[in-house]
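Q: First, the structure itself, so that you have it in front of you.
The values are calculated or read from the model by the stated rules, or taken from the named source; none is laboratory data. Fair warning: this is a prediction, and the values are worked out from it, not measured in the lab. Glycine gets a Cβ as well: all are built from the backbone with ideal geometry, and neighbour counts include every protein chain shown.
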Amino acid sequence: MTVGTPVTPEDLFAPEPEADPCDSLDDLLISMLIDRTLRARGQHEARAEAGLPVRKMAWEYAMVKRYTSRLGPEGAEIARAMLALAHSRSDLPPDA
């Protein structure tokens, strides 16, 4: 950005011409979240087929506590978002 040049909201979110050093990590995290979600959904289906509750609340609570202890309050939000994704009905793209 040049000093004295007006900034529009579009400029704030425009991709930088060079790759961000975190891009490859973001891609890896996304792939891992897709994999984790699909595994969790598979486990939920297996529990339902066995006549068990789909959600294992003690396990979910322990997961939130684990993320909170390592990452603080934001970690709890990340864990809750991952659990929401696993329990959602939304389709995920295949892991690329």
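Q: For the range 1-18, name all the residues that are at pLDDT below 70 and either among the charged types (D, E, K, R) or surrounded by 10 or more Cβ atoms within 10 Å (Cβ to Cβ) (or both).
A: Glu10, Asp11, Glu16
Q: Against the conditions (1) exposed (fewer than 10 other Cβ atoms within 10 Å of the Cβ); (2) at pLDDT 95 or above, where does Met63 fall short? Just the number, please.
A: (1)
Q: Also, I was wondering about something else. Looking at Ser90 and the list (1) among the small types (Gly, Ala, Ser); (2) in contact (Cβ under 8 Å) with a residue 24 or more places away in the chain; (3) part of a loop (DSSP other than H, G, I, E, B), which single condition is not satisfied?
A: Unmet condition: (2).
Q: Next question, about the same structure. Surrounded by 11 or more Cβ atoms within 10 Å (Cβ to Cβ) and either hydroxyl-bearing (Ser, Thr, Tyr) or at pLDDT 90 or above (or both): which single residue out of Ala58, Ala40 fits that description? Talk me through it step by step, then tell me what you get.
A: Numbers: Ala58 fails: surrounded by 11 or more Cβ atoms within 10 Å (Cβ to Cβ).
Every option except Ala40 fails the conditions.
Q: Need pairs with beta-carbon distance below 8 Å; first residue within 22 Å of Ala84 (Cβ to Cβ) and within the range 18-33, second surrounded by fewer than 10 Cβ atoms within 10 Å (Cβ to Cβ); sequence gap 6+ or separate chains.
A: From the range 18-33, the pairs are Ser31/Ala96.
Q: Only one residue in Pro73, Pro21 is surrounded by fewer than 11 Cβ atoms within 10 Å (Cβ to Cβ), modelled with pLDDT of 95 or more and not charged (D, E, K, R). Which one? Step through it out loud before you land on a result.
A: On the way: Pro21 fails: modelled with pLDDT of 95 or more.
When all the criteria are applied, what remains is Pro73.
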